[in-house]
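Structure, as structure tokens:
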Protein chains: 4
Amino acid sequence: MKVLISKKTGIYYYYNDKLKQDFHCKEGFIKKEDLSGDVSTAKSNTNREFIVFNANKYDLTKKYKRGPQIITPKDLGYVLARAGINKNSFIVEAGGGSGAASIFFASFVKKVHTYEIKSDHCNIIKKNIEYMNIDNIELFNADLSEKIDDESNIDLLFLDMPEPCCVLENKLEGVKKGAYIVCYVPSISQIQEITKLISQRNDYYLEEISEVILRHWRVWEKVARPEHRKDIDHTAFLVFIRKV
Amino acid sequence: MKVLISKKTGIYYYYNDKLKQDFHCKEGFIKKEDLSGDVSTAKSNTNREFIVFNANKYDLTKKYKRGPQIITPKDLGYVLARAGINKNSFIVEAGGGSGAASIFFASFVKKVHTYEIKSDHCNIIKKNIEYMNIDNIELFNADLSEKIDDESNIDLLFLDMPEPCCVLENKLEGVKKGAYIVCYVPSISQIQEITKLISQRNDYYLEEISEVILRHWRVWEKVARPEHRKDIDHTAFLVFIRKV
Amino acid sequence: MKVLISKKTGIYYYYNDKLKQDFHCKEGFIKKEDLSGDVSTAKSNTNREFIVFNANKYDLTKKYKRGPQIITPKDLGYVLARAGINKNSFIVEAGGGSGAASIFFASFVKKVHTYEIKSDHCNIIKKNIEYMNIDNIELFNADLSEKIDDESNIDLLFLDMPEPCCVLENKLEGVKKGAYIVCYVPSISQIQEITKLISQRNDYYLEEISEVILRHWRVWEKVARPEHRKDIDHTAFLVFIRKV
Amino acid sequence: MKVLISKKTGIYYYYNDKLKQDFHCKEGFIKKEDLSGDVSTAKSNTNREFIVFNANKYDLTKKYKRGPQIITPKDLGYVLARAGINKNSFIVEAGGGSGAASIFFASFVKKVHTYEIKSDHCNIIKKNIEYMNIDNIELFNADLSEKIDDESNIDLLFLDMPEPCCVLENKLEGVKKGAYIVCYVPSISQIQEITKLISQRNDYYLEEISEVILRHWRVWEKVARPEHRKDIDHTAFLVFIRKV
């Protein structure tokens, strides 16, 4: 896969170089010969210039098969950095969604078990895993709240589901002592349900509730200001709970 | 290393269990017998209760030997997630600072080369690397702007230095095509210098300037509000540049 | 003027009750009889319910004749609250833009002098002043940087123009000692020009540079989260300078 | 009252010039002769320079007699700008707190009625009203939820109290149709109670829930960044309800 960025419009295009076809977009077309090998730039028939990159992992995520909403890098990155894990870690995740979180985690840790209750979502996840060429995710078409007892030695339990309390209500003996359960929830109301449950349990310690906000900036010669309309959009809150 | 969290004050204490000594803090002391083995809680002579965790990677960072300011997890996590890398990646970083970024990256990728111009900072970095038991960082007491030509096949070049342009002025042929150079700079003025330099070069593509903001929340039974005084502190801006 | 809010869609409509006509919108029509007098609600021919309000000052601003971009209430309110003025104050303002700032200030203070260099903008301002029925604004089709010496006893000088330094370069003896000159500028680069000028002058004291951010929330029975896509948009920075 | 700003430390001092005494502070002392009349600067015995301003309304608020926490200008300004009122408006407010909101509103509108249930707070409010020389506030040592029926023709009802629902539970027929009831509440939980009450009433329309965030910036020759540690602190949420 290659990324083509139009110098004029700044639009990103994605070109599957394995198909060995000409590239067509609304700004014109580029001959396949002009995109083969190690080129850095290319010109369309309309004389527009494009920067050409080999797609990296981040570029590739833009072409995921889409199903449920995808967790943003700002949130996934913070979880990875905050949860005290490393490349030897084992992560259990539910719900799988479109697989973005699973694939992200699997790129950096040893093993990921992903639970997704809906079979159509499972199909999307499978396709995205294949597309990203990842081999350390095991996908279960199942309800984690019923299967959590099957898991053990969990370094991070990541819950991206409408009702994380269904999982938290269990004993969670498979989660290592001191390890994190991270809930990703869009609404304060869900946090309230979680904190209520935690207040009744001695084996959970609520360590942090936070929100990661990303602000884009535009800085040129005579301009330096936050971007309009591309600005900060709320995604979700993160709740960091430790297993006692 | 163990983490002890006082249930009354919420204060975190760090206990080196290898020393096999009693634990003393301002809230009282705990006998070494009460902290050995796999305990989850402990009581002090003053009858205060403590939750006891085995320290994870994140806990351990709290006891880094301190030198220059340490980059926060929110920023490091976003760089990891945004820069399109994975556990097979090779990162070059300067300046090393206290080693926090190097150690973080090394926990998730294959190899890190760290350049630090000041020898006293190098000593701090060495101690922190040892303390965290990391074996895939190579540390150079040198000026990266002079040594960048020695490096090749770089998947991510991370610059946390007052004048990143000293490095950017070079050809940077060691950075893979399409890979990122990420500058971490506290001031808009520095971004302006960077964008000025980029505007004169055909081999850099400025992809994103952003700022990661972390907001902490307090949610209990009858309270749900942002934390006072623990709130958002500016750290730095991130500039994502791609090598053409 | 009346405001009609559709209970189904939440859309705001504006109805000029002086025209004594039926009301038509994409959700249906309402007979003029059903909107006359002191009604609180009304039903359309399509059976949709509407809440009916007499428009207040804030509602009315939504129907301004539009020209240049309009300063937002969050910024205007902060200036009013921060600049140490009251209903006896005299404000000089440039550029007038669409008149929104002038009209807002005039609603709360004694007198406003508005300078606007472009005559077509002046026409827009005039229409908006008439529409809002304001009688304490004097409008000058002139360049404030040339006319500032004609003004005296200024309690607040408000500059919403691309190059506020053109005004700041003058002596500004008409501004009362200790009173504020507030610059409203979208870009950090403009602030840099302002602070550079201030550093060369003994009669200006830079007291505050700030940015007002407004975050909208959605709170219902089971939902409590920041609004999507309606969220925070950057407008401008505010620079508070005091005349020594 | 005069404001003295140390050029070296940037600290603000307040000097009551009516007392005709020398001024003493930790940076030295200044003779009363050097502070009389229309001076712009003064030197202390320690040779430090001070900028001298006549205090404006905003400066004066810094010397309020303190009791309950004071609402910030960013919030007060936004309420004034958003609530569709003007200098002819009548505002009813509870609880009075330290009087800061009452005094602010009274500086810009026709009349303010302030209700405060605690008599010691009333004493603080009285002193601050006198100190600010305001004559259009009427203060009631009473519970607004019991007295609201005595009020009529209200253009803005401002509620800064732990349980605004005690007032909202009433009919509020004294609030003009289409006018705002603004609740100032620190916690999402309080908003939830308010929205629950509103959902059971046909005579309230919930128009906006928002949060005003103020970010301070530091911009000098080679520096342009958000201020450290002076940054954004949460104060409260604003709920804008309209009387149907």
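The values are calculated or read from the model by the stated rules, or taken from the named source; none is laboratory data. All figures in this text were calculated on a predicted structure; none of them were measured in a lab. Here the Cβ is made from the backbone with ideal geometry for all residues, glycine too, and neighbour counts use every protein chain on show.
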Check: Among the residues of the stretch B:1-19, is there at least one that is basic (Lys, Arg), touching a helix residue (DSSP H, G or I) at 6+ places or on another chain (Cβ under 9 Å) and over 22 Å from residue B:132 (Cβ atoms)?
Finding: no
Next item on the list: Answer yes or no: is there a residue in the stretch D:10-29 that is at the interface with chain C (Cβ under 10 Å from one of its Cβ atoms), at negative phi and modelled with pLDDT of 90 or more.
Entry: yes
Check: In this structure, does residue C:94 turn out to be surrounded by 18 or more Cβ atoms within 10 Å (Cβ to Cβ), in contact with a Phe, Trp or Tyr (Cβ under 9 Å, 6 or more places away or on another chain), away from every other protein chain (no Cβ under 14 Å) and of a type outside the set (S, T, N, Q)?
Finding: yes
Notebook entry, point to check: Being surrounded by 24 or more Cβ atoms within 10 Å (Cβ to Cβ), more than 14 Å from the chain's Cα centre (by Cα) and under 17 Å from residue C:164 (Cα atoms), is that true of even one residue in the stretch C:117-135?
Noted result: no
Next item on the list: Return the pairs, sorted by first residue and then second, in which the second residue is aromatic (Phe, Trp, Tyr) and outside any loop (DSSP other than H, G, I, E, B), the first residue lies in the stretch B:129-148 and is farther than 13 Å from residue B:101 by Cα, the beta carbons are less than 8 Å apart, and the residues are 6+ apart or on different chains.
Entry: B:140/B:115; B:142/B:115; B:143/B:115; B:144/B:115; B:147/B:115; B:147/B:140
Margin query: Checking residue D:46 against (1) closer than 19 Å to residue C:205 by Cβ; (2) touching an Asp or Glu at 6+ places or on another chain (Cβ under 8 Å), only one condition comes out false. Which one?
Written below: (1)
Check: How many residues are surrounded by fewer than 23 Cβ atoms within 10 Å (Cβ to Cβ), more than 10 Å from chain C (Cβ to nearest Cβ) and aromatic (Phe, Trp, Tyr) if we restrict to the stretch D:33-85?
Finding: 1
Margin query: Test of understanding: among D:181, D:191, D:148, which residue is among the β-branched types (Val, Ile, Thr), buried (at least 21 other Cβ atoms within 10 Å of the Cβ), assigned by TED's automatic domain parsing to the domain that holds residue D:115 and out of contact with any strand residue (DSSP E or B) (no Cβ under 6 Å at 6 or more places or on another chain)?
Written below: D:148
Check: Can you name every residue in the stretch D:1-34 that is of a type in the set (A, V, I, L, M, F, W, C) and either outside any strand (DSSP E or B) or without any contact (Cβ under 8 Å) to a residue 12 or more places away in the chain (or both)?
Finding: D:1, D:11, D:19
Checklist line | Enumeration of residues in the stretch A:103-140 that are farther than 20 Å from residue A:71 by Cβ and either in contact with a Ser or Thr (Cβ under 9 Å, 6 or more places away or on another chain) or acidic (Asp, Glu) (or both) | finding: A:110, A:135
Item checked: Enumerated strands (runs of 3 or more DSSP E) restricted to the stretch A:35-142, each holding at least 1 residues that are farther than 23 Å from residue A:156 by Cβ -> A:41-43, A:49-54
Item checked: Selection count, the stretch D:220-244, where residues are modelled with pLDDT under 90 and hydrophobic (A, V, I, L, M, F, W, C) -> 4
Next item on the list: For residue A:238, state whether it is under 30 Å from residue C:209 (Cα atoms), touching a residue at least 24 places away in the same chain (Cβ under 8 Å) and either part of a strand (DSSP E or B) or facing chain B (nearest Cβ under 8 Å) (or both).
Entry: no
Note to self: Just to check your reading of the model, which residue among B:194, B:198 is assigned to a helix (DSSP H, G or I), more than 23 Å from residue B:114 (Cβ to Cβ) and free of Cβ contacts under 8 Å to residues at least 60 places away in the same chain?
What the structure shows: B:198
Checklist line | Single match in C:169, C:138, C:163 (criterion: touching a strand residue (DSSP E or B) at 6+ places or on another chain (Cβ under 6 Å) and surrounded by fewer than 16 Cβ atoms within 10 Å (Cβ to Cβ)) | finding: C:138
Notebook entry, point to check: Quick check: anything in the stretch A:81-92 of a type in the set (A, V, I, L, M) and touching a Pro at 6+ places or on another chain (Cβ under 9 Å)?
Noted result: yes
Next item on the list: Consider residue D:199 carefully, then state whether it is facing chain C (nearest Cβ under 8 Å) and touching a Leu at 6+ places or on another chain (Cβ under 6 Å).
Entry: no
Notebook entry, point to check: With respect to the numbered conditions (1) within 14 Å of chain A (Cβ to nearest Cβ); (2) in a helix (DSSP H, G or I); (3) among the basic types (Lys, Arg), which one is the sole condition not fulfilled by residue B:176?
Noted result: (2)
Margin query: Anything in the stretch C:131-148 that is away from chain D (no Cβ under 14 Å) and at pLDDT 95 or above? List them, or say none.
Written below: C:138, C:139, C:140, C:141, C:142, C:143, C:144, C:145, C:146, C:147, C:148
